[in-house]
């Protein structure tokens, strides 16, 4: 358990240095071919380490959130496991299992996010889309405004 906290602290310590040179809103910037284009398979493999895939994709805040969520559910799981080992009560077993499922869900969600984010990194933003207001309730969509 202490190792995961040390890893989280080391990654958080590196965070300010790696934020230099990022644009405030990367969705508005045109894709730059000289920038690093993430490989989805590499993002998935690095995602096996909580937050690793997000760091690889350049999503530092997401990485911090994934690391924090995994650390929280892991520590809660460990506490519930310890309580169950001491008491052998069904309530403690259910609590341990609940945190195990939540930890697994957050872990898999982090893997999926890293993989999908790497896939979508080369997707160009569609600037031609404009939201249109909905028609009044007495007018159908086909009639138009």
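The values are calculated or read from the model by the stated rules, or taken from the named source; none is laboratory data. Because the structure is a prediction, the values reported are computed rather than measured. Counting neighbours? That spans all protein chains shown, and the Cβs are built from the backbone with ideal geometry, glycine included.
For (1) out of contact with any helix residue (DSSP H, G or I) (no Cβ under 7 Å at 6 or more places or on another chain); (2) over 30 Å from residue 123 (Cα atoms), each residue gets a yes or a no:
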| position | (1), (2) |
| --- | --- |
| 50 | no, no |
| 72 | yes, yes |
| 79 | yes, yes |
| 103 | no, yes |
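Yes/no per residue for (1) under 12 Å from the mean Cα position of the chain (by Cα); (2) modelled with pLDDT of 90 or more; (3) at negative phi:
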| site | (1), (2), (3) |
| --- | --- |
| 22 | no, no, yes |
| 35 | no, no, yes |
| 38 | no, no, yes |
| 48 | no, yes, yes |
| 67 | yes, yes, yes |
| 71 | no, yes, yes |
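Residue-by-condition table, conditions (1) surrounded by 10 or more Cβ atoms within 10 Å (Cβ to Cβ); (2) touching a helix residue (DSSP H, G or I) at 6+ places or on another chain (Cβ under 9 Å); (3) at pLDDT 75 or above:
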site	(1), (2), (3)
107	yes, yes, yes
117	yes, yes, yes
123	no, no, yes
131	no, no, no
136	no, no, yes
139	yes, no, no
144	no, no, no
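What number of residues within the stretch 48-88 satisfy the criterion of being without any contact (Cβ under 8 Å) to a residue 60 or more places away in the chain, in a helix (DSSP H, G or I) and surrounded by fewer than 22 Cβ atoms within 10 Å (Cβ to Cβ)?
Matching residues across the stretch 48-88 total 19.
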